[in-house]
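Everything on this sheet refers to the single structure shown next.
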Amino acid sequence: MHSVLADLLQLLDLERIEENIFRGESRDIGSTRVFGGQVLGQALTAASFTVEGRDVHSLHAYFLRPGDVGAAIVYDVERARDGRSFSNRRVVAIQHGRPIFNMTASFQVPEEGLEHQVEMPEVPGPEALADLREIDAAVLEKIPEKMRRYLTHERPFEVRPVEPIHLFEPHRAPPVRHIWVKAIDALPGDPGLHRNLLAYLSDYQLVATATLPHGIRFEHGNVQLASLDHAMWFHRPFRLDRWLLYSMQSPNAAGARGLALGRFFTHEGELVASTAQEGVVRVWS
C-alpha cells in the first residue's frame with residue numbers, strides 16, 4: 001500500500017487508553033489547523049469501536065475550536081443507548097483540557113426496506129480529467145507559499161475536479177461543484193473502514209462551494225473559511241478505492257455563513273452517502 005494512504009489508515013486506528021476513551025494523533029496537511037475531516041473520521045472510528053453488529057447510518061457534529069496539529073486528540077465516547085435496532089453514541093474530542101468538537105452518531109442493525117434515490121448528475125467521468133495536483137510549475141510560482149503548500153501536499157486520495165478551478169482570475173460561477181475521488185491504492189475490505197474514510201473525505205471543499213458565486217481570490221489571504229457543523233448519512237455500501245462522484249451545491253450564504261449540501265455517487269450511479277455543512281465565510285477588504 002502507498003505510504004501516504006497507509007499513514008491515513010494508521011491515523012484512524014486510535015489508541016484505546018481506557019474504557020470508551022481513545023487517543024488519536026494529528027497530521028499537518030498544509031494548514032495551520034487540524035483538518036476537520038480528520039476529527040470527523042477519528043470520532044466516527046472511536047464511536048464504532050464501541051458498537052458491534054451495527055453499521056453507522058448518520059452522524060451530526062459541531063466544530064467548537066480549531067484543533068492543534070501538534071497535539072494528540074482524546075475522544076471520550078458515551079454509550080447513550082443500545083436498542084433492539086439502533087445504537088446511539090456521543091463523542092467529545094478534547095485537546096489541552098477543552099472540547100474542540102462533539103458528535104452524535106447512530107448505528108443500525110442491517111435491515112431491508114423501501115428504496116429510491118435521486119439521479120446522478122450528468123458529468124464527464126474521471127478518466128479524462130486531471131488530478132488536482134497537476135498544476136503547471138509556472139502557475140505554482142505565482143501562488144503564495146501557504147496556498148502552494150496546501151495544493152501540492154501529497155494526498156491519500158486522487159481528486160479530479162469536473163469544473164475548472166481558477167486560482168487567480170476572479171470567476172463567478174453557480175454554487176455547484178463536482179469532483180471525482182478515489183483512494184490512491186487498494187484498501188482492506190472492512191466496510192466500516194470505508195465509511196470512516198468517507199467521513200474524513202467529506203469535509204474536503206464542501207463549504208468552499210458557497211464562495212463560487214462571488215469570484216473570491218483566495219491568494220490574497222483575506223478569506224476565512226471554517227466548518228461550524230457537519231452532518232452525514234450513509235445509504236448504501238461502497239468502496240472508496242473505486243471512483244465516487246462528490247456532487248456539491250450551496251443553496252444559501254448569509255450572515256457570514258455558507259451552507260453546502262453534498263452527495264456521493266458510485267461510478268455506476270448509486271447514491272451511497274449524503275452530507276450537509278455550514279461554515280463561517282468571511283471576506284475582509
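The values are calculated or read from the model by the stated rules, or taken from the named source; none is laboratory data. Treat the numbers as computed from the prediction; the structure is a model and nothing was measured. As a convention, Cβ positions derive from the backbone with ideal geometry for all residues, glycine included, and neighbour counts pool all protein chains shown.
Quick one: would you say Ala61 is touching a residue at least 12 places away in the same chain (Cβ under 8 Å) and in a helix (DSSP H, G or I)? Taking the combined requirement at face value, the residue does not satisfy it. Residues in the stretch 202-221 that are of a type in the set (Ser, Thr, Tyr) and buried (at least 22 other Cβ atoms within 10 Å of the Cβ): 2 in all.
Criterion first (buried (at least 18 other Cβ atoms within 10 Å of the Cβ), in contact with a Gly (Cβ under 7 Å, 6 or more places away or on another chain) and either within 30 Å of Thr50 (Cα to Cα) or modelled with pLDDT under 95 (or both)) does Ala199 satisfy it? Against the criterion (buried (at least 18 other Cβ atoms within 10 Å of the Cβ), in contact with a Gly (Cβ under 7 Å, 6 or more places away or on another chain) and either within 30 Å of Thr50 (Cα to Cα) or modelled with pLDDT under 95 (or both)), Ala199 qualifies. Among the residues of the stretch 38-73, the ones that are surrounded by fewer than 22 Cβ atoms within 10 Å (Cβ to Cβ), among the aliphatic types (A, V, I, L, M) and in contact with a strand residue (DSSP E or B) (Cβ under 9 Å, 6 or more places away or on another chain) come to 4 in all. Restricting the stretch 222-238 to residues that are outside any strand (DSSP E or B) and surrounded by fewer than 18 Cβ atoms within 10 Å (Cβ to Cβ) leaves a set whose member that is modelled with the lowest pLDDT is Asn222. The residues on offer are Arg33, Arg27, and the sole one that is touching a Gly at 6+ places or on another chain (Cβ under 8 Å), at pLDDT below 95 and under 27 Å from Phe157 (Cβ atoms) is Arg33. Scanning the stretch 89-116 for residues that are among the β-branched types (Val, Ile, Thr) and more than 16 Å from Gly70 (Cα to Cα) returns Val91, Val92, Thr104, Val109. Scanning the stretch 41-58 for residues being in a loop (DSSP other than H, G, I, E, B) and in contact with a Phe, Trp or Tyr (Cβ under 6 Å, 6 or more places away or on another chain) gives a total of 2. Being small (Gly, Ala, Ser) and buried (at least 16 other Cβ atoms within 10 Å of the Cβ) is the filter here, so list the residues in the stretch 239-261 that pass it. Selection gives Ser247, Ser250, Ala253, Gly258, Ala260.
Residues satisfying the criterion are present in the stretch 144-157 (criterion: at pLDDT below 90, among the aromatic types (Phe, Trp, Tyr), assigned to a helix (DSSP H, G or I) and closer than 21 Å to Val283 by Cα). Just to be sure, is Arg81 free of Cβ contacts under 8 Å to residues at least 24 places away in the same chain, over 17 Å from the mean Cα position of the chain (by Cα) and either part of a helix (DSSP H, G or I) or closer than 23 Å to His235 by Cα (or both)? When the stated conditions are applied, Arg81 passes them. Quick one: Gln38 ticks every box in (1) assigned to a helix (DSSP H, G or I); (2) in contact with an Asp or Glu (Cβ under 6 Å, 6 or more places away or on another chain); (3) more than 13 Å from Leu193 (Cα to Cα) except a single one, so which number is it? Only one criterion is unmet by Gln38, namely (2). Return yes when Arg23 is surrounded by 14 or more Cβ atoms within 10 Å (Cβ to Cβ) and of a type in the set (D, E, K, R) and no when it is not. Yes; evaluated as a whole, the condition is true for this residue. The residue list Pro121, Pro174 contains one member that is within 30 Å of Glu268 (Cβ to Cβ), in a loop (DSSP other than H, G, I, E, B), modelled with pLDDT under 95 and not charged (D, E, K, R), which is Pro174. Pro251 falls short of the stated requirement of being in contact (Cβ under 8 Å) with a residue 12 or more places away in the chain and part of a loop (DSSP other than H, G, I, E, B). When each of Asp28, Asp76, Asp7, Asp82 is tested for being out of contact with any Phe, Trp or Tyr (no Cβ under 6 Å at 6 or more places or on another chain), within 20 Å of Gln108 (Cβ to Cβ) and charged (D, E, K, R), the lone residue that passes is Asp82.
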